[in-house]
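All remarks here apply to the structure that follows.
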Amino acid sequence: AVAALLAAGAPVDAVLALDDALAVGALHALAEGGLRVPEDVAVMGLGDLAPGWARPALSSVDLGLDDVARTAVVMLLERVAGAGPGQVPPRRHEAPFRVVVRGTTGGPAGG
């Protein structure tokens, strides 16, 4: 998609990819298009699963998947221990997230 945008002459100053692998693909397309990251275009992934895949190191949003998995297991075990529908009331869990800034964001000073 990034290559198609560049080929169409669309101005691109930032890319937020739906996951880190797509963000790495965007980095490659930008480099092939002669653009520098982060000087010309900032790139951010989602998941923070592969920060070492890219140079410069990929900025990403850590979605708190460890917390989500841990909470899901606890909730499942509570349901199983309740041994029946309606025995354990449903509850909501909001997972923490954090923006992990690395080398693919920031751009030039004042930019």
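The values are calculated or read from the model by the stated rules, or taken from the named source; none is laboratory data. The structure displayed is predicted, hence computed values, not measured ones. Here the Cβ is made from the backbone with ideal geometry for all residues, glycine too, and neighbour counts use every protein chain on show. Ligands, DNA and RNA are excluded from the accessible area calculation, which covers all protein heavy atoms including side chains. Shrake-Rupley method; radii C 1.70, N 1.55, O 1.52, S 1.80 Å.
Of the conditions (1) open to solvent by 60 Å² or more (accessible area, probe 1.4 Å); (2) within 22 Å of residue 5 (Cβ to Cβ); (3) not small (Gly, Ala, Ser), residue 63 fails just one. Which one is it?
Every condition holds for residue 63 apart from (2).
Here's the yes/no breakdown for (1) under 29 Å from residue 23 (Cβ atoms); (2) in a helix (DSSP H, G or I):
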{"site": "55", "(1), (2)": "yes, no"}
{"site": "71", "(1), (2)": "yes, yes"}
{"site": "76", "(1), (2)": "no, yes"}
{"site": "79", "(1), (2)": "no, yes"}
{"site": "87", "(1), (2)": "no, no"}
{"site": "92", "(1), (2)": "no, no"}
{"site": "95", "(1), (2)": "yes, no"}
{"site": "103", "(1), (2)": "yes, no"}
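Given the criteria at pLDDT below 85, surrounded by 13 or more Cβ atoms within 10 Å (Cβ to Cβ) and not polar (S, T, N, Q), does residue 88 qualify?
Here the answer is yes, as residue 88 does meet what is asked.
What's the total number of residues in region 10-58 that are at positive phi and modelled with pLDDT under 95?
Count: 2.
Among 72, 81, which is over 13 Å from the mean Cα position of the chain (by Cα), open to solvent by 50 Å² or more (accessible area, probe 1.4 Å), modelled with pLDDT of 90 or more and over 30 Å from residue 103 (Cβ atoms)?
Exactly one of 72, 81 is over 13 Å from the mean Cα position of the chain (by Cα), open to solvent by 50 Å² or more (accessible area, probe 1.4 Å), modelled with pLDDT of 90 or more and over 30 Å from residue 103 (Cβ atoms), namely 72.
Given (1) β-branched (Val, Ile, Thr); (2) more than 17 Å from residue 100 (Cα to Cα); (3) not in a helix (DSSP H, G or I), where does residue 61 come up short, assuming only one miss?
Single failed check for residue 61: (2).
Would you point out the residue of region 29-49, among those that are assigned to a helix (DSSP H, G or I) and closer than 17 Å to residue 102 by Cβ, that is most open to solvent (accessible area, probe 1.4 Å)?
Looking at the filtered set, the residue picked out is 31.
Which residue out of 98, 55, 102 is open to solvent by less than 80 Å² (accessible area, probe 1.4 Å) and either of a type in the set (Ser, Thr, Tyr) or under 17 Å from the mean Cα position of the chain (by Cα) (or both)?
102
Condition first: open to solvent by 90 Å² or more (accessible area, probe 1.4 Å), farther than 15 Å from residue 103 by Cα and either assigned to a loop (DSSP other than H, G, I, E, B) or out of contact with any Asp or Glu (no Cβ under 8 Å at 6 or more places or on another chain) (or both). Can you find one or more residues in region 17-24 that meet it?
yes
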